[in-house]
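Here the structure is laid out as C-alpha cells; the discussion comes afterwards.
The values are calculated or read from the model by the stated rules, or taken from the named source; none is laboratory data. Keep in mind it's a predicted model, so treat the numbers as computed, not measured. In this analysis, Cβ positions are derived from the backbone assuming ideal geometry, glycine residues included, and neighbour counts consider all displayed protein chains. Only protein heavy atoms, including side chains, enter the accessible area calculation; ligands, DNA and RNA are left aside. Shrake-Rupley method; radii C 1.70, N 1.55, O 1.52, S 1.80 Å.
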Amino acid sequence: MRIGELSRRTGVSARSLRYYEEQGLLTSSRSDTGQRHYSGAAVQRVTLIRQLFDAGMSSRAIATVLPCVDIPGDLGVAEETFTAMMRERDRIDADIARLIETREALDVLIRANSRHRAELSTAPGTGGPAALTL
C-alpha cells in the first residue's frame, strides 16, 4: 500500500510515517518512480509505534523495543526490551517528581500572592506598592 493508504488506515500523518522511516522504526520498498510501498503488516507496526509514543517513549527508546516484535523468540532481545521499558518508566517517574516539586514551589508563591492580595483589599489607603512576602 502507498503512504496515503497507510496514513488513512492508521490515522497517522504521512509526515509522521516518513519520520518513522527516518528513525528506522518503519520500512518500505520503493517503486521505480520512488513512491513508498508498505506491506499489510505496516498497519500493526504503526499502531504499536503510536502506542509506544503515547506511553511517553522517544523514537530512540522505541527503536530499542521494536526488535522484540521483530524477533519474538529471542530471550536476550526480550530482556533488552524489558530493560529499555523500565528505563523509560524510571525517566517518567523522575519527570513526575520534578513536576511535583515545581508545582509545590508555585503553590508557595500562589499562597504568598493570595495573602498579599487579601492584605491589599482590606488595608485602608494602600496606594503604593507593597512587598510580596513569602
Just a yes or no: is a residue in region 110-122 open to solvent by 60 Å² or more (accessible area, probe 1.4 Å), closer than 30 Å to ALA61 by Cβ and hydrophobic (A, V, I, L, M, F, W, C)? no
So in region 29-50, with the set limited to residues that are within 18 Å of VAL65 (Cβ to Cβ) and free of Cβ contacts under 8 Å to residues at least 12 places away in the same chain, which one is surrounded by the most Cβ atoms within 10 Å (Cβ to Cβ)? GLN44
Pairs where the first residue, in region 75-103, is more than 12 Å from GLY56 (Cα to Cα) and the second is open to solvent by 80 Å² or more (accessible area, probe 1.4 Å) and modelled with pLDDT of 90 or more, C-beta under 7 Å, 6+ apart: none
In region 51-98, which residues are open to solvent by 70 Å² or more (accessible area, probe 1.4 Å) and within 17 Å of TYR19 (Cβ to Cβ)? GLN51, ASP54, ARG60
Between a first residue in region 10-28 that is free of Cβ contacts under 8 Å to residues at least 40 places away in the same chain and open to solvent by less than 60 Å² (accessible area, probe 1.4 Å) and a second residue that is acidic (Asp, Glu) and not in a loop (DSSP other than H, G, I, E, B), which pairs have beta carbons less than 8 Å apart while being 6 or more apart in sequence or on different chains? SER28/GLU21
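Suppose we filter region 18-42 for residues that are over 17 Å from ALA61 (Cα atoms) and either assigned to a helix (DSSP H, G or I) or not polar (S, T, N, Q) (or both); how many remain?
Of region 18-42, the ones over 17 Å from ALA61 (Cα atoms) are 18, 27-42.
Narrowing the set further to residues that are either assigned to a helix (DSSP H, G or I) or not polar (S, T, N, Q) (or both) leaves 18, 30, 32, 34, 36-38, 40-42.
The qualifying residues number 10.
If you scan region 15-31, which residues turn out to be over 19 Å from the mean Cα position of the chain (by Cα) and at pLDDT 95 or above?
Step one: filter region 15-31 for residues over 19 Å from the mean Cα position of the chain (by Cα), giving 27-31.
Result: no residue meets the conditions.
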Hey, ARG45 basic (Lys, Arg), within 28 Å of LEU6 (Cα to Cα), under 15 Å from the mean Cα position of the chain (by Cα) and in a helix (DSSP H, G or I) or not: no
Quick one: which of GLY56, GLY34 is closer than 30 Å to VAL12 by Cβ, within 18 Å of the chain's Cα centre (by Cα) and of a type in the set (Gly, Ala, Ser)? GLY56
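Please go through region 48-61 and give me each residue that is within 16 Å of ILE3 (Cβ to Cβ) and either at pLDDT below 90 or among the aliphatic types (A, V, I, L, M) (or both), ordered by number.
Filtering region 48-61 for residues within 16 Å of ILE3 (Cβ to Cβ) gives 49-50.
ILE49 - this is the single residue of region 48-61 that is within 16 Å of ILE3 (Cβ to Cβ) and either at pLDDT below 90 or among the aliphatic types (A, V, I, L, M) (or both).
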